[in-house]
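Enquirer: Structure in C-alpha cells, see below.
The values are calculated or read from the model by the stated rules, or taken from the named source; none is laboratory data. Because the structure is predicted, anything quoted here is derived from the model rather than measured. A quick note on method: Cβ atoms are made from the backbone with ideal geometry, for glycine too, and the neighbour counts reach across all protein chains shown. The protein model used for the area step is the full one, side chains on, heavy atoms only, and it has no ligands, DNA or RNA in it. Shrake-Rupley method; radii C 1.70, N 1.55, O 1.52, S 1.80 Å.
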There are 2 protein chains.
Amino acid sequence: MSISAKVVILAGGQGSRFWPMSRSKKPKQFLSLGSSGKSLIRATADRVATLVSEENVWVVSNEQLKPLIAEHVPWAHVLCEPCARNTAPSIGLAAIELVSKDPKAVMIVLPADHSVANEDALNEVLREAVQIASTQDVLVTVGITPTQPNTGYGYIKRGGLLSGKAFRVNRFFEKPSLERAIKYLESGDFYWNSGMFVWRASEILRAIRDNLPDLYRVLEEYQLLSVQGKNEEAQAVFAKAESISIDFGVLEHAKNGVVIEAGNIGWSDVGSWDQWAAEFKHDKRGNHIQGDAVVIDSENCVVNAVHRMIAVVGGQDLVVVDSGDALLVCPRGRVQDVRKVVEELKARGRSELI
Amino acid sequence: MSISAKVVILAGGQGSRFWPMSRSKKPKQFLSLGSSGKSLIRATADRVATLVSEENVWVVSNEQLKPLIAEHVPWAHVLCEPCARNTAPSIGLAAIELVSKDPKAVMIVLPADHSVANEDALNEVLREAVQIASTQDVLVTVGITPTQPNTGYGYIKRGGLLSGKAFRVNRFFEKPSLERAIKYLESGDFYWNSGMFVWRASEILRAIRDNLPDLYRVLEEYQLLSVQGKNEEAQAVFAKAESISIDFGVLEHAKNGVVIEAGNIGWSDVGSWDQWAAEFKHDKRGNHIQGDAVVIDSENCVVNAVHRMIAVVGGQDLVVVDSGDALLVCPRGRVQDVRKVVEELKARGRSELI
C-alpha cells in the first residue's frame, strides 16, 4: 500500500572512487554495479515502488545528467541544482520545492548510489519512519545495525527509545578508527548512518534555518528568483551556497534527531571497488573475477575485464578495472585514493577521461 | 675489418615471458624493446655489421617467422627448423649446413633477443674468439663479468689461462641460489653464460656426436633427406630430435670448453619485464613509465601504457603492460611466471592471444 510521502533521490554525485567506470558524464549511480543488472539509481527507484506511487518520486541532480535520469527513471520529477554543493543544499532545494506544493509534505531522502539487499525490510522501516515524521517534529535517520567494524561509515549512537524501532539520537560520529569501530560494534548502541532520511520538508527547512542560516537565505532567495523566472540570477545565488553535508551541517547539531533501526538489511554504500567486490561471489582464493581474465597464483584480487583480456600473475589484494579507454590498478587497501586519479586527470586537462 | 666467420643468429624463440607484447606470430626478438628503437634481432645483426659482411649472416628460425626475418634482417640467409627443439638442434642444423659449404667454417652463435650496450667491446672479444676457434679445437663461450649476484643467469667458472682473455672452462653452473650467486660474484672466477658461442662448425658437430649421438644421427639423416628433396620425411626425422639446450646437452660435458672474458659490456638477456625496465631511466620513486599513465603514491612500478591510459594508485613493485588486446599485471618478483599465462591461454584455446 502506498503511503503519503515523497521520495527524493539524491543523484548529483560524481562517484570518482569508481573511476574508470564512473565518469562525470555517467557517474556511479548510472552504472549497473549491483548483481541485479540494474543501474544503482534504477534499483533505488524500483525498491520503493511498493511504497510510493511514481508521481511522488523526485530526483535531485543537475542539467548535465537530466537525460540519463530520464532514461533510467523516466517517471521521476527532476530537480536540477545549478551547481554541486553537497547534500545540505540538495536536500534544502528539494524541501523548499516540496513545501511549496504541500506544506505538510513528508520526504524520504535516498542516495541514488547505494545498494540494499532486503527491500521489504527497508520499506517496512521507511513506513514506520514516515509515520513518526508525519506526526512529530523530528529528523529521522535510517540506522543500519553494524555487522563489522567498518571504518568507512559514519556512526550514530542511539539514546532513549521513542517508539517501535525508533530511538532518540544521542550523537552522530564521523568515520572512526578501527579501534573505535570495534568498540561501537561491541556496544550494540551504534548504527551505521545510511544517508537515508525521513522528515517533513518543513522540519528540515527549520533545522537548516537554525543551523545553516546562510544556506537558508540562499534557498529562499533562489526559490523567489526562480518563481520570477530570473534563472540566471537564481543560479548565481545558489552558487553562493556553502558546500556542506546535511549530516555535518544540520543533523549533528539538531536536538530532535531520531534514528530508526533498520537491522541488517544488506545495505552498502558501494563506496569503493573493494566494497563493490564484497557484494559478489569469490573463488576459493578470494578472487572476484568478471569478464575475460586469467588469474594465476593470486589471492583476493578484483578483476573486471569486460573490454579486453586481463592476466594477473602472483597478485595479492589487487583491484584491476578496465573501462575500455582507461585502466586502474590499485591495491584493495588504497581504493579510497582512486579519486586522486580523477583529480590528477583534471589537473592535466584530460576531460575525456574524467 | 671483416673476419672470416659466419654469424648464426638464433631466432626461433617464443619469448613467452614478454607476453602480452611477445606473441607467437611476433615474438620478443622482433619487438623494439631496447632504447635504440630497433627490434632486438635487428640490433643483434647491426651490432656485428663491422665484424662480418652481410652475406655471412644466418638466422635459424622457422617457416612462420620467415617473413618477419626478411623484414627485420633482409640480408640474412634463413634456416628454418621444422619444429622448435631448443638450442642444441638449432645450432646443429646451422653447423651441418655451414660445414657442407665450408668444412673449416667458424661460426659465431648469437641469441636474437639479447641486448649489448658496448658493441665495440663485444666485437673485439668476438674477433679474439674467432682467432682462437679457427686454429684450435675448442668451444668458446663468451663470458660476461658479473656486476650483481644475478640468479637468472647460468655461470661459468674459469680454469687456467689459455691466451689473452681466454680461459679453459672449469665448469658450467646452472642458475644459482642468491647465496651461491653472491659467492660466485665475490670469487672473481665466474662469468655469466651469455649464450654467445664461437667455434668451428665441425668442432661443435663433433661435440654433438660425442655427447648427443641421437641428435647427431637426426641431423645427418635430416641433411641427407633434405638434399634428396624429401622434405616431409626430413621434417619427420627432425621432429624426433630431443629438445635440449647446447649448454646442458653438450658444453657442460665437453672437455675443450673455453670461456672468453667480455668484461662488463652492458649485456642483458632481456629475460623479463623486470630486467627490461632496468635498462631504462626511472623516476625518483623507482617507477619506469612509458606512454599515457597516471602513477600515484607508487614505487618501483613498471607501466607500459602505449594503448590506453593506465592509472596505478598505491602500487608497489608492480609490472603493468598493455598490448592493446591484452593486459598483464604482475609483481616484479613474479615476472618469470608470466609464461604461465601463455600456457593457460594455450590450454583454453585462445590462440589469438598467444
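Enquirer: Using a 1.4 Å probe on the protein heavy atoms only, what accessible surface does B:M21 show? Give it in Å² to the nearest 10.
Expert: That residue has around 40 Å² of solvent-accessible surface.
Enquirer: Oh, and also: What ³J(HN,Hα) values, in whole Hz, does the Karplus curve 6.51 cos²θ - 1.76 cosθ + 1.60 give for region A:287-299 when θ = phi - 60°, with x put for Gly and Pro?
Expert: Here the 3J(HN,Hα) series is 8, 10, 10, 10, x, 9, 9, 10, 10, 10, 6, 10, 9 Hz.
Enquirer: For chain A, what's the radius of gyration and Dmax over Cα atoms, in angstrom?
Expert: Final numbers for Rg and Dmax: 20.6, 66 Å.
Enquirer: Could you state the number of Å between the C-alpha centres of region B:266-336 and region B:1-33?
Expert: The two parts, judged by their Cα centres, are 22 Å apart.
Enquirer: Calculate, axis by axis, the spread of Cα positions in region A:1-69 along the three principal axes, and write the results as whole Å, longest axis first.
Expert: 40, 29, 18
Enquirer: Under a Cβ-only charge scheme (Lys and Arg +1, Asp and Glu -1), can you give me the dipole magnitude of region A:72-130 about the Cα centre, in debye to the nearest 20? Walk me through the intermediate numbers first.
Expert: Values: 4 positive and 8 negative charges, 57 e Å.
Its charge dipole is roughly 280 debye.
Enquirer: In debye, nearest 20: dipole of chain A around its Cα centre with unit charges on the Cβ of K, R (+) and D, E (-)? Show your work: numbers first, answer last.
Expert: Working: 40 positive and 43 negative charges, 53 e Å.
For this selection, approximately 260 debye.
Enquirer: What ranking of A:S32, B:S35, A:S24 comes out by heavy-atom accessible area, probe 1.4 Å, highest first? Please report the intermediate quantities before stating the final value.
Expert: Values: A:S32 70, B:S35 105, A:S24 35 Å².
Solvent-accessible surface, decreasing: B:S35, A:S32, A:S24.
Enquirer: With a ≥ b ≥ c taken as the square roots of the eigenvalues of the C-alpha gyration tensor of region B:230-301, please select rounded if a/c is under 1.5 and otherwise prolate if a/b is larger than b/c or oblate if it is not?
Expert: Working: a/c = 4.17, a/b = 1.89, b/c = 2.21.
Cα axes put region B:230-301 in the oblate bin.
Enquirer: From the phi angles alone, apply the Karplus equation (6.51, -1.76, 1.60; θ = phi - 60°) to region B:150-155 and give each ³J(HN,Hα) in whole Hz, x where the residue is Gly or Pro.
Expert: Result, rounded to whole Hz: 5, 9, x, 10, x, 10.
Enquirer: For region A:146-219 and region B:145-219, what is the separation of their Cα centres, given in Å?
Expert: 73 Å
Enquirer: Shielding by partners for B:304-312, please: the mean number of other protein chain Cβ atoms within 10 Å of each residue's Cβ.
Expert: Per residue, the average neighbour count from other chains is 6.
Enquirer: Quick one: which of A:60-66, B:336-342, A:342-348 comes out on top by average Cβ neighbours within 10 Å, and what's the full order, highest first? Show your work: numbers first, answer last.
Expert: On the way: A:60-66: 18.4, B:336-342: 20.6, A:342-348: 15.7.
So the peptides A:60-66, B:336-342, A:342-348, ranked by packing, come out B:336-342, A:60-66, A:342-348.
Enquirer: Output, in nm with one decimal and in ascending order, the distances from the A:E220 label point to the matching label points of the other copies (7 Å from Cα along Cα-to-Cβ).
Expert: Between copies, matching label points for A:E220 lie 10.9 nm apart.
Enquirer: Residue by residue through region A:239-251, what is 3J(HN,Hα) from phi via Karplus (6.51 cos²θ - 1.76 cosθ + 1.60, θ = phi - 60°)? Round to whole Hz and write x for glycine and proline.
Expert: Result, rounded to whole Hz: 4, 7, 4, 5, 8, 8, 7, 5, 5, 6, x, 10, 4.
Enquirer: Name the residues whose placed amide hydrogens come within less than 5 Å of the amide hydrogen of B:S323, ignoring near sequence neighbours (fewer than 5 apart) on the same chain.
Expert: The list, which skips near neighbours in sequence, is B:L328.
Enquirer: With the Cα gyration tensor of region A:75-186 giving a ≥ b ≥ c as the square roots of its eigenvalues, does the rule (a/c under 1.5 for rounded; else a/b larger than b/c for prolate; else oblate) give rounded, prolate or oblate? Don't skip to the end; give the middle numbers.
Expert: Details: a/c = 1.88, a/b = 1.43, b/c = 1.31.
Note, shape of region A:75-186 comes out prolate.
Enquirer: Follow-up. Under 13 Å between alpha carbons, and skipping anything fewer than 8 positions from B:K25 in its own chain: which aspartates and glutamates qualify?
Expert: Candidates past the 8-residue exclusion: B:E63, B:E352.
Enquirer: Sorted by mean Cβ packing within 10 Å, highest first, what order do the peptides B:7-13, A:313-319 take? Please report the intermediate quantities before stating the final value.
Expert: On the way: B:7-13: 25.3, A:313-319: 22.1.
In descending order of packing, they fall as B:7-13, A:313-319.
Enquirer: Over the C-alpha atoms of region A:273-353, what are the Rg and the largest Cα-to-Cα span, Dmax, in Å?
Expert: Answer for region A:273-353, Rg first and Dmax second: 13.1, 42 Å.
Enquirer: Place the label 7 angstrom along Cα→C-beta at B:S32 and in each other copy, then list the distances from the first to the rest in nm, shortest first.
Expert: For B:S32, the other copies' label points sit at 4.1 nm, shortest first.
Enquirer: Sticking with this structure for a sec: Compute for chains B and A the buried accessible surface, both sides summed, probe 1.4 Å, and express it in Å² to the nearest 100. Let's see the in-between values first.
Expert: Numbers: alone 16170 and 16200 Å², together 29760 Å².
Using a 1.4 Å probe on protein heavy atoms, the buried area is about 2600 Å².
Enquirer: What are the membrane-span-like helices in chain B by this rule: whole DSSP H runs, Cα extent along the axis at least 18 Å, mean Kyte-Doolittle hydropathy at least -0.5? Write out the running numbers ahead of the final one.
Expert: Numbers: long enough: B:87-101 (21 Å, 0.97); B:119-135 (24 Å, -0.06); B:213-227 (21 Å, 0.01).
Helices passing the filter in chain B: B:87-101, B:119-135, B:213-227.
Enquirer: Using the 7 Å Cα-to-Cβ label point, sort the distances from B:G349 to its equivalents in the other copies shortest first and give them in nm to one decimal.
Expert: The answer, with the shortest distance listed first, is 5.1 nm.
Enquirer: Would you be so kind as to identify which of B:L10, B:L345, B:V321 lies farthest towards the positive end of the dipole of chain B, taking Lys and Arg as +1 and Asp and Glu as -1 on Cβ and the Cα centre as origin?
Expert: So the residue we want is B:L345.
Enquirer: Choose one of B:N86, B:A49, B:G37: the residue whose Cα lies farthest towards the positive end of the charge dipole of region B:1-102 (beta-carbon charges +1 Lys, Arg; -1 Asp, Glu; about the Cα centre).
Expert: Highest projection toward the positive end goes to B:G37.
Enquirer: Which percent of Cα-Cα pairs in region A:34-80 sits in each 10 Å bin, short to long?
Expert: So the P(r) values, bin by bin, are 28, 55, 18.
Enquirer: Taking a cut-off of 28 Å between Cα atoms, list the lysines near B:K28, but don't count ones fewer than 8 places away on the same chain.
Expert: Straight-distance partners of B:K28: B:K6, B:K38, B:K66, B:K175, B:K240, B:K281, B:K340, B:K346.
Enquirer: Assign one of three labels to the protein assembly as shown, namely rounded, prolate or oblate, based on the Cα gyration tensor with a ≥ b ≥ c the square roots of its eigenvalues; rounded applies when a/c is under 1.5, prolate when it is not and a/b is larger than b/c, and oblate otherwise.
Expert: Numbers: a/c = 3.29, a/b = 3.12, b/c = 1.05.
In terms of gyration-tensor shape, prolate.
Enquirer: Whole number in Å², please: accessible area per residue of chain B, 1.4 Å probe, ligands, DNA and RNA not counted. Please list the in-between numbers first.
Expert: Details: 14870 Å² over 354 residues.
The answer is 42 Å² per residue.
Enquirer: Follow-up question, since we're still on this one. Counting only residues 5 or more places away or on other chains, whose amide H sits under 5 Å from the amide H of B:N62 once H atoms are built in the peptide plane?
Expert: Here the answer is B:E81, since their amide H atoms fall under 5 Å of that of B:N62.
Enquirer: If you roll a 1.4 angstrom probe over the protein chains with everything in place, what fraction of the accessible area of chain B belongs to carbon and sulfur, to the nearest %?
Expert: Working: 7010 of 14870 Å².
The computed percentage sits at 47.
Enquirer: With a 1.4 Å probe and every protein chain left in place, tell me how much accessible area B:K38 has, in Å² to the nearest 10.
Expert: Rounded to the nearest 10, that gives 80 Å².
Enquirer: Kirkwood Rh, Cα Rg: Rg to Rh for region A:181-276?
Expert: 1.09
Enquirer: Taking each pair of different alpha-carbon atoms in region A:142-214 once, compute 1/r for the pair, average those values, and report the inverse of that mean as the Kirkwood hydrodynamic radius in Å to one decimal.
Expert: Values: mean 1/r = 0.0746 Å⁻¹.
By the Kirkwood definition, the hydrodynamic radius is 13.4 Å.
Enquirer: Using only the alpha carbon atoms of region A:195-354, find the Kirkwood hydrodynamic radius as the inverse mean reciprocal pair distance, in angstroms to one decimal.
Expert: Numbers: mean 1/r = 0.0502 Å⁻¹.
After inverting the pairwise mean of 1/r, the radius is 19.9 Å.
Enquirer: Let me ask something additional. Among B:I108, B:Y155, A:S226, whose Cα lies farthest out toward the positive end of the dipole of the protein assembly as shown, if unit charges sit on the beta carbon of Lys, Arg (+1) and Asp, Glu (-1)?
Expert: B:Y155
Enquirer: At q = 0.18, 0.24, 0.26, 0.29 Å⁻¹, what is the log10 ratio I(q)/I(0) for region B:197-247, with the Debye formula run over Cα points and no solvent?
Expert: Each listed q maps to, in turn, -0.60, -0.92, -0.99, -1.07.
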